[in-house]
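Everything on this sheet refers to the single structure shown next.
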Amino acid sequence: MTIRTRFAPSPTGYLHVGGARTALFSWLYAQKTKGQFVLRIEDTDAERSTEESVQAIFDGMQWLGLAHDEGPFFQTDRFPRYLDVIQQLLDQGDAYYCYCSTEEVEAVREQQRADKQKPRYNGKCRHRTDVDETVKPAVRFKNPEQGEVVFNDLVRGEISISNEELDDLIIARSDGTPTYNLTVVVDDLDMKMTHIIRGDDHINNTPRQINIMKALGAQVPHFAHVPMILGEDGARLSKRHGAVSVMQYLDDGYLPEALLNYLVRLGWSHGDQEIFSVGQMIDLFDIKDINRAASAFNTEKLLWINQQYIMASEPEKLVKLLANQLTELGCDVENGPDILEIVKTQQERAKTLKEMAEKSLLFYTDYEEFEEKAAKKNLKFAALEPLEMMLSKFEQLPDWSKEPLHQVILDTAEALDLKLGKVAQPLRVALTGTAVSPALDATLFLLGKDLCLKNILRATEYIKERIVAQQS
Ligand code: GLU
């Protein structure tokens, strides 16, 4: 038997990280078993579904590399098929027309609530045989009245629900449109799903869906309900907790492999291993190892994983991504320094590509003034001589590359019998205006000769002005 799994999002917003994790689990299981993964867009809710959301799903899936083997199928293309199945259920006596108005149904529910009963449809039309021509009826599924629905959830274990708990569900609204529980069943059967892996917010629908499947004479697939992702405060993860849209993570400078790695660990584990390549995930993943308990999204940990991936990346792979981030920040990357060199310089210094870009702004725009504290500490009289010596050595340097640049700093320290820091820190402040920067040889190289000479001169003048001010 070929394993078939699916991801079936409703296109009513961005692709949420929770959805992405469900998609990842379904995709991994299909990959692992050499099965197939289907993408289905559940767009029957015309009011809430949008084309942008469909695109956001495609973009997110593509960015994460979760390719589907079949689809995308759109439920709105399949209405005739749903109507056929509804007719089939009517014909075989497993569904009936319901003429009750919304107000009537609501009034019954109100009463039930007042009587401390579970609100449910009272079955008024279940045995009705006459036809009311004046009312457009809905269609309800005739849920079995006795017995129970038992299924072995691959995450939660055996679940059983008494049919008495389940009322007769609307499968077609009075305007003729099919409802979620009907469309999902028809699709899962037609698309020959063997394993339905989805969020446990759907667990209450499962017994109803199983009953419809059984009425259609189908073999019931396996179900695996994955716990929700929570925010750090224990509430269900939402925008309130920060970024929840997959594409936001691209904008924020995350690598897709890092997000996948974080998501797979959120709710699944393999010993205490933290870093998994996609290949390892495929080898090691199993539904039975999905945690039963909900897990909380931890941005710090995601950042840490992203940093591990940035450090381990081939620098060439990060060039385009960093260039995009720099462009976002307004840098003219075409006419700027070599980005590969920036990546190599910054790779160990940033948790995200966005942070890397922010830390690289100095290579694109000169600073306006010295940071006060840095200047006060480092641009003192004692720094004048080493700065002037380096200025003249740099002026004469025929080869503006990292090694000779580094040598100038060493030679200056040696010639003046100074500790390296006494030479390097003033130079750093001179070049960048601050006391923190990447390695000096790389900074000199990336800033280019003209700017470096200009800024060292600027620092020496600053020191002289300071001395004059102190004397007067
Ligand atoms: N379309 C449903 C949702 O986005 C998922 C349905 C399912 O996985 O069965 O919540």
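The values are calculated or read from the model by the stated rules, or taken from the named source; none is laboratory data. Quantities reported herein were computed from a predicted structural model and do not represent experimental measurements. Here the Cβ positions follow ideal geometry from the backbone for every residue, glycine too, while neighbour counts run over all protein chains shown. Ligands, DNA and RNA are excluded from the accessible area calculation, which covers all protein heavy atoms including side chains. Shrake-Rupley method; radii C 1.70, N 1.55, O 1.52, S 1.80 Å.
Annotation: amide H of R236 within the under-5 Å range of G231, sequence separation 5 or more or interchain, hydrogens built in the peptide plane.
Sorting the segments 74-81, 170-177, 286-293 by their residues' average number of neighbouring beta-carbon atoms within 10 angstrom, most packed first, yields 170-177, 74-81, 286-293. Working note: 222 nm ellipticity from helices only, DSSP H runs with n ≥ 4, each -39,500 (n - 2.57), summed and divided by the residues of the chain, gives -14500 deg cm²/dmol to the nearest 500.
All Cα-Cα distances of region 148-305, cut into 10 Å bins from zero to the largest, leave 9, 31, 31, 22, 8, 0 percent in each bin in turn. Note on region 175-226: Rg/Rh from Cα positions, Kirkwood definition for Rh, rounded to two decimals, is 0.95.
Look at the alpha carbon pairs under 8 Å that are at least 6 residues apart: their mean separation over the length of region 12-91 gives a relative contact order of 39 percent. Altogether, the Stokes-Einstein calculation at 20 °C and 1.002 mPa s, with the Kirkwood radius of region 227-316 over Cα pairs as Rh, returns a diffusion coefficient of 154 µm²/s. Each residue of region 132-149 is assigned a 3J(HN,Hα), and the resulting list reads 9, 5, 7, 10, 7, x, 8, 10, 10, 7, 8, 5, x, 8, 10, x, 9, 9 Hz, derived from the Karplus form 6.51 cos²θ - 1.76 cosθ + 1.60 (θ = phi - 60°), x at Gly and Pro. Legend: calculated FRET efficiency, R120 to E328, from the Cβ-Cβ distance at R0 = 60 Å, rounded to 0.05, equals 0.70. Peptides 324-332, 224-232 ordered by packing proxy, namely the average of other Cβ atoms within 10 Å per residue, highest first: 224-232, 324-332.
Listed by chain and number, the aspartates and glutamates whose alpha-carbon sits under 20 Å from that of K288, ignoring those within fewer than 8 places in the same chain, are D153, E158, D200, D201, D272, E274. Stokes-Einstein, applied to the Kirkwood radius of region 349-391 over Cα pairs at a viscosity of 0.692 mPa s and 37 °C, places its translational diffusion at 257 µm² s⁻¹. DSSP bridge analysis restricted to the chain gives an antiparallel fraction near 55%, rounded to the nearest 5.
Each pair of Cα atoms in region 330-446 enters the Kirkwood radius, and Stokes-Einstein at 10 °C and 1.306 mPa s then converts it into a translational diffusion coefficient of 106 µm²/s. With contacts taken as Cα pairs under 8 Å at a separation of at least 6 residues, the chain carries a relative contact order of 12 percent. Heavy atoms of the protein chains alone define the surface here; on that basis region 12-68 has 41 Å² accessible area per residue at 1.4 Å probe size. In the structure shown, the pairs K354/K419; K116/K214; K124/K214; K317/K402; K351/K380; K317/K393 are assessed against 25 Å; a Cα-Cα span above that value is assigned to K354/K419; K116/K214; K351/K380; K317/K393. With the convex hull drawn around the C-alpha atoms of region 186-255, the volume per residue stands at 127 Å³. Computed over all pairs of different Cα atoms, the Kirkwood value for the hydrodynamic radius of the chain is 27.1 Å.
I need the calculated FRET efficiency for the pair A294 and D190, taking r as the beta carbon distance and R₀ as 22 Å, to the nearest 0.05. Plugging the Cβ-Cβ distance into 1/(1 + (r/R0)^6) gives 0.10. R0 = 51 Å: FRET efficiency of L453 with D233, Cβ-based, nearest 0.05? Taking R0 as 51 Å, the efficiency between L453 and D233 is 0.45. Sequence-ordered 3J(HN,Hα) estimates for region 235-250 from the Karplus curve with 6.51, -1.76 and 1.60 and θ = phi - 60° stand at 7, 4, 4, 9, 3, 3, 8, x, 5, 10, 8, 4, 5, 5, 5, 5 Hz, glycine and proline given as x.
Within region 114-214, all pairs of alpha-carbon atoms sorted by distance into 10 Å bins from zero give the percentages 12, 41, 33, 12, 2.
Estimated at 0.36 nm per residue, the fully extended path between D251 and E341 surpasses their Cα-Cα distance by 30.2 nm. Report, in whole Å, the centroid distance computed from the Cα atoms of region 302-343 and region 414-471. One Cα centre to the other: 26 Å.
Determine the dipole magnitude for the chain: charges of +1 sit on the beta-carbon of Lys and Arg, -1 on that of Asp and Glu, nothing else is charged, the reference point is the Cα centre, and the result goes in debye to the nearest 20. Charge dipole, the chain, about its Cα centre: 900 debye, nearest 20. Spin-label model, D272/E461: points 7 Å from Cα along the beta carbon direction are separated by 5.8 nm. Take W304 and Q62, extend 7 Å from each Cα along the Cα→Cβ direction, and tell me the distance between the two endpoints in nm. So the label points at W304 and Q62 sit 3.4 nm apart. Under 15 Å from a point placed 7 Å out from the Cα of H406 along the Cα-to-Cβ direction: which residues of region 436-464 have their backbone N that close? Inside the label zone: 438-446. Length gained on full extension, A312 to Q87: 75.2 nm, using 0.36 nm per residue less the C-alpha separation. Rounded to the nearest angstrom and listed largest first, the equivalent-ellipsoid semi-axes of region 232-388 from its Cα gyration tensor are 38, 18, 16. When only Cα pairs below 8 angstrom with a gap of at least 6 residues are kept, region 316-452 shows a relative contact order of 27 percent.
With the simple model of a label 7 Å out from the Cα in the direction of the Cβ, D45 to R109 spans 1.5 nm. Residues whose amide H lies under 5 Å from that of F223, counting only those 5 or more places away or on a different chain, are L154, I196; hydrogens are built 1.01 Å from N in the peptide plane.
Both radii are taken from the alpha-carbon atoms of region 322-373; with Rh as the Kirkwood radius, Rg/Rh is 0.98.
Take the Cα coordinates of region 45-162, assign each an equal point scatterer, and use the Debye formula without solvent to give log10 I(q)/I(0) at q = 0.11, 0.12, 0.22 Å⁻¹. So the normalised log intensities are -0.70, -0.81, -1.21.
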